[in-house]
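Engineer: Structure in structure tokens, see below.
The values are calculated or read from the model by the stated rules, or taken from the named source; none is laboratory data. Quantities reported herein were computed from a predicted structural model and do not represent experimental measurements. Methodologically, a virtual Cβ is constructed for each residue, glycine included, from the backbone with ideal geometry; neighbour enumeration extends over all protein chains shown. Remember, those area values only see protein heavy atoms, side chains included, never the ligands or the DNA or RNA. Shrake-Rupley method; radii C 1.70, N 1.55, O 1.52, S 1.80 Å.
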Amino acid sequence: MSIQRLRLKNFRNLQDVDFHPTPGLNFLIGKNGSGKTSLLEAIYLLSLVRSFRSKKLKNLINHSTSSFTVFANFVDTEGQVYPLGVQRQEFSDETEILLRGQRPGSIAELTAQLPVQLINPDAFRLLEGGPKDRRQFIDWGVFHVEPSFIFVWQRFQRALKQRNSLLRRGRMDPLQLQLWEKEIALYGEEVTTYREGYLEELRPIFAHLLARLSDIQDFRLSFQRGWDKNLPLLDNLRAGREKDLDQGFTQSGPQRADLRVTIEGRAAIEVLSRGQQKLVVSALKLAQGELLAKKTGKRCIYLIDDLPAELDEEHRQVFCKVLEEQASQVFITSVDEAALKVDWKEPEQNLWFHVEQGQIRPLS
Ligand SMILES: Nc1ncnc2c1ncn2[C@@H]1O[C@H](COP(=O)(O)OP(=O)(O)OP(=O)(O)O)[C@@H](O)[C@H]1O
Ligand SMILES: [Mg+2]
């Protein structure tokens, strides 16, 4: 997947942009406040119809206008070019999306077409955030490689919601409870099997990438499925009824799963420096992209905001070289062009742009 052309109208400070990136590495250099992160945000929006820094899409509309448009031509795995547009008006609650001239059935359909990975300060949440961030990480991967995962996951969520609502009402209708517990167990075990299988495949790819990017040793990713591993989920739910009723929600199951990231048995977040953390989260995200390509032939688009931040010259060099090997489309921002001077294998494959006051121009 890659973006061939990106047109922006009144998207934050990017009021009128017509941008032609390369399918390889794109460097966006510009001062603070020039619009670099906004450009990444626009690409992210095309995949997920949300922003990574504003809850409301209305905030992305340029202050002097009342709507924004993000339009792209993207290339799929077969080399076919498709149009995709997202538009938002200030006085409407709806976001208009057109994929190949039609409204997509769901956002998941869009995301599946255009997988995007973001590496920015939020990515540190994989280590410092709560279990939810790590579950989202795993589920992103499973969603993109297993077409039936979304169905199973939705069924599981629905059943869990139903059981929680019975618990909250404090009524133990045993028949209803049993019914939803069976559903939770059926789909919950399946969600877990998917997650475990995915991580099994991800681990060696991650280990290889981490070894390239850093000299961190004795690293482990251990999956915790969210309930007592000696019992089937159904037995766990039944045994936990009284406690769950007390608390008003279901306390064990895949909704409590986590990925423990440790070094020599200690939590990675307690041991690693900030730069090392960046390399670990980057290796995790790059591993997801490699696994996606291996399983489906799809390549995700990488958005890397302020690549040089936190990294010394040596680590910037290896990071850039690893990116070059990914054969993915990458958008890299930096305030400093010199910080990205690397011995590229194929420098002619890279394009450099200058971002200035909402304009993007090739850097000569
Ligand atoms: N809705 C909006 N309308 C107009 N301008 C906006 C809007 N939202 C943000 N801006 C401005 O857009 C500019 C670009 O912001 P952006 O975060 O993209 O800059 P950046 O190049 O990533 O800067 P930095 O190097 O500091 O990260 C900023 O000056 C910001 O104040
Ligand atoms: Mg920025």
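Engineer: What shape does segment 208-302 take by its C-alpha gyration tensor, where a ≥ b ≥ c are the square roots of the eigenvalues and a/c under 1.5 counts as rounded, a/b above b/c as prolate, and the rest as oblate?
Structural biologist: In terms of gyration-tensor shape, prolate.
Engineer: Work out, in µm²/s and without decimals, the Stokes-Einstein translational diffusion coefficient of segment 252-292 at 10 °C, 1.306 mPa s, Rh from Kirkwood over C-alpha pairs.
Structural biologist: My calculation gives 134 µm²/s for D.
Engineer: Next question, about the same structure. How high is the relative contact order of segment 127-296? Use alpha-carbon pairs under 8 Å, at least six apart in sequence, and give a whole percent.
Structural biologist: Result for segment 127-296 is 32 percent.
Engineer: Now for a separate question. Per residue, how much accessible area does segment 99-256 show when a 1.4 Å probe rolls over the protein heavy atoms, in square angstrom? All intermediate terms of the calculation are to be shown ahead of the outcome.
Structural biologist: On the way: 8250 Å² over 158 residues.
Here the residues of segment 99-256 average 52 Å² of exposed surface.
Engineer: First check a/c for segment 1-116, with a ≥ b ≥ c the square roots of the eigenvalues of its C-alpha gyration tensor; if it is under 1.5, answer rounded, and if not, answer prolate when a/b is larger than b/c or oblate otherwise. Walk me through the numbers on the way to the answer.
Structural biologist: Numbers: a/c = 1.80, a/b = 1.12, b/c = 1.61.
Since a/c reaches 1.5 but b/c is at least a/b, the shape of segment 1-116 is classed as oblate.
Engineer: Would you mind checking Lys56/Lys243; Lys9/Lys341; Lys9/Lys55; Lys36/Lys278; Lys161/Lys298; Lys182/Lys243 for any pair whose Cα atoms are more than 27 angstrom apart?
Structural biologist: On the way: Lys56/Lys243 38 Å; Lys9/Lys341 32 Å; Lys9/Lys55 20 Å; Lys36/Lys278 20 Å; Lys161/Lys298 33 Å; Lys182/Lys243 18 Å.
Listed pairs above 27 Å: Lys56/Lys243; Lys9/Lys341; Lys161/Lys298.
Engineer: Does segment 120-195 come out rounded, prolate or oblate by the C-alpha gyration tensor, with a ≥ b ≥ c the root eigenvalues, rounded set by a/c under 1.5 and, if not, prolate when a/b is larger than b/c and oblate if not?
Structural biologist: It is oblate, given that a/c is not under 1.5 and a/b is not larger than b/c.
Engineer: Probe radius 1.4 Å, ligands and nucleic acids ignored: give me the carbon and sulfur share of the accessible area of the chain as a rounded percent.
Structural biologist: That share works out to 46 percent.
Engineer: Could I ask something else about it? Which angle between 0 and 90 degrees, to the nearest 10, do you get for helix 174-213 versus the longest principal axis of the chain when only C-alpha atoms count?
Structural biologist: With both axes taken from Cα atoms, the answer is about 40 degrees.
Engineer: Taking every DSSP beta bridge with both residues inside the chain, roughly what % is antiparallel (nearest 5)?
Structural biologist: Percentage antiparallel, nearest 5: 70.
Engineer: Pop the C-beta distance of Asp312 and Glu96 into the FRET formula with R0 = 41 Å and round what comes out to the nearest 0.05.
Structural biologist: The computed FRET efficiency comes out at 0.35.
Engineer: How fast does segment 318-364 diffuse by Stokes-Einstein, in µm²/s, taking the Kirkwood radius from C-alpha pairs at 10 °C and 1.306 mPa s? Don't skip to the answer; put the middle values down first.
Structural biologist: Working: Rh = 11.9 Å.
Translational D for this selection: 133 µm²/s.
Engineer: Now, a different point. Can you give me the three principal axis dimensions of the chain from its C-alpha atoms, in Å, biggest first?
Structural biologist: Largest first, the chain extends 71, 52, 36 Å along its Cα principal axes.
Engineer: What's the magnitude of the charge dipole for segment 127-296 around its Cα centre, counting Lys and Arg as +1 and Asp and Glu as -1 at the beta-carbon? Answer in Debye, nearest 20.
Structural biologist: 420
Engineer: Still on this structure: Find out how many positive minus negative residues lie around Gly130, taking Lys and Arg as positive, Asp and Glu as negative, among other residues whose Cβ is under 15 Å from that of Gly130.
Structural biologist: In short, +1.
Engineer: Right, here's the next one. Sort Asp244, Asp343 by heavy-atom solvent-accessible area, probe 1.4 angstrom, most to least.
Structural biologist: Order by accessible area, largest first: Asp343, Asp244.
Engineer: Another question, then. Once the Cα atoms of segment 127-296 are picked out, what are the Rg and Dmax in Å?
Structural biologist: Rg, Dmax (Cα atoms, Å): 17.9, 56.
Engineer: Looking only at Gly30, Gly188, Gly105, which one moves most when the chain is put into a Gaussian network model with springs between Cα atoms under 10 Å?
Structural biologist: Among Gly30, Gly188, Gly105, the largest GNM mean-square fluctuation belongs to Gly105.
Engineer: Now for a separate question. Once Lys and Arg get +1 and Asp and Glu get -1 on their Cβ, which of Phe91, Gln329, Leu311 lies farthest toward the positive end of the dipole of the chain?
Structural biologist: Phe91
Engineer: When the chain is treated as a GNM, springs tying every alpha-carbon pair under 10 Å, which of Glu146, Glu313, Glu346 comes out with the largest mean-square fluctuation?
Structural biologist: Per the Cα network of the chain with a 10 Å cutoff, Glu346 tops the list.
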